[in-house]
Amino acid sequence: VFLNASGSGDGLWLPHTSSIDFCETNYLLTVYIAECHNVWSSIFGLTVIGLIGMFHGNPLNEKRVLVSYVILAIIGVGSSLLHASLHWAFQSFDELPMIYLVLGGLYSVLEVDAPRGTDKFGPKLPRNLVMVALAATCAYYKNQQNYLAFLTVFNSCTVILAVLHFKVALGIYREWRLCISSG
């Protein structure tokens with residue numbers, strides 16, 4: 001009963017309502033899971049790593065690090081459910097946390113040199129990032145059947161994060177070089 005002996009592609013979650021169907025053959029192994037390999041890789045690659053990070057990857061007990069690991073675990077659960085069902089509700093449970101994780105990364109990069117327990121930008125930065133997250137969520141649901149809209153928002157945020165991260169890393173490297181050269 002569990003295995004899909006017919007290999008017909010018929011499964012429990014038909015019809016699929018997600019805006020994208022991924023590269024894996026649907027219901028190849030079981031009628032209960034549309035994309036088995038994407039499900040297990042999401043569980044072990046995202047959820048488990050997020051859980052390990054929550055309990056062992058935050059030696060300074062910083063809230064921003066804990067929140068990032070929690071969101072990573074949520075992405076893993078959402079991704080598993082999306083790939084199991086190819087349903088739009090689970091697609092949003094996968095994709096929206098990805099945007100939130102990148103916004104959390106922006107916060108972490110912008111606040112990286114703030115003294116511990118303080119915020120460099122005060123309450124303004126978290127408030128603005130929450131507003132961006134709300135706007136992204138509204139835009140996401142307005143364009144949910146347009147996967148390109150999600151990719152545009154997610155990739156734009158990711159590029160901004162990468163540029164800021166590179167800028168911070170370059171500043172740290174320059175400080176290190178200055179310390180080395182001054183003896």
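Within the stretch 27-46, the set of residues being of a type in the set (Val, Ile, Thr) and assigned to a helix (DSSP H, G or I) comprises 39, 43. Within the stretch 141-183, the set of residues being hydroxyl-bearing (Ser, Thr, Tyr) and either in contact with a helix residue (DSSP H, G or I) (Cβ under 6 Å, 6 or more places away or on another chain) or more than 30 Å from residue 92 (Cβ to Cβ) (or both) comprises 158, 173, 181, 182. For residues in the stretch 1-36 being surrounded by fewer than 15 Cβ atoms within 10 Å (Cβ to Cβ) and of a type in the set (Phe, Trp, Tyr), which is modelled with the lowest pLDDT? If we take residues in the stretch 1-36 being surrounded by fewer than 15 Cβ atoms within 10 Å (Cβ to Cβ) and of a type in the set (Phe, Trp, Tyr), then 2 is modelled with the lowest pLDDT. The combined condition, being modelled with pLDDT of 90 or more, open to solvent by 70 Å² or more (accessible area, probe 1.4 Å) and either on the phi > 0 side of the Ramachandran plot or among the polar types (S, T, N, Q) (or both), is not fulfilled by residue 146. State whether one or more residues within the stretch 112-135 are open to solvent by 60 Å² or more (accessible area, probe 1.4 Å), of a type in the set (Phe, Trp, Tyr) and modelled with pLDDT of 90 or more. No. In the stretch 13-26, is there at least one residue being assigned to a helix (DSSP H, G or I), within 21 Å of residue 154 (Cβ to Cβ) and in contact (Cβ under 8 Å) with a residue 40 or more places away in the chain? Checked the stretch 13-26: no residue is assigned to a helix (DSSP H, G or I), within 21 Å of residue 154 (Cβ to Cβ) and in contact (Cβ under 8 Å) with a residue 40 or more places away in the chain. Contact map, the stretch 78-93: first residue touching a residue at least 60 places away in the same chain (Cβ under 8 Å) and within 12 Å of residue 46 (Cβ to Cβ), second residue not in a helix (DSSP H, G or I) and not aliphatic (A, V, I, L, M), Cβ cut-off under 8 Å, separation 6 or more or different chains; pairs are 82/18; 83/22; 83/24; 83/35.
From the list 99, 74, 49, exactly one residue is in a helix (DSSP H, G or I), closer than 30 Å to residue 166 by Cβ and open to solvent by less than 30 Å² (accessible area, probe 1.4 Å). Which is it? When all the criteria are applied, what remains is 99. Is there a residue being in contact with a Gly (Cβ under 6 Å, 6 or more places away or on another chain) and in contact (Cβ under 8 Å) with a residue 40 or more places away in the chain anywhere in the stretch 149-165? Yes.
Restricting attention to the stretch 58-77, the residues that are free of Cβ contacts under 8 Å to residues at least 12 places away in the same chain and more than 23 Å from residue 117 (Cα to Cα) add up to 0. The residues of the stretch 127-183 that are within 22 Å of the chain's Cα centre (by Cα), among the aromatic types (Phe, Trp, Tyr) and over 16 Å from residue 98 (Cβ atoms) amount to a single one, 166.
The values are calculated or read from the model by the stated rules, or taken from the named source; none is laboratory data. All values reported here derive from a predicted model rather than from experimental measurement. FYI the Cβ positions are ideal-geometry reconstructions off the backbone, even for glycines, and counts take in every protein chain you see. When the accessible area is computed, the model is the full protein with side chains, heavy atoms only, and any ligands, DNA or RNA have been set aside. Shrake-Rupley method; radii C 1.70, N 1.55, O 1.52, S 1.80 Å.
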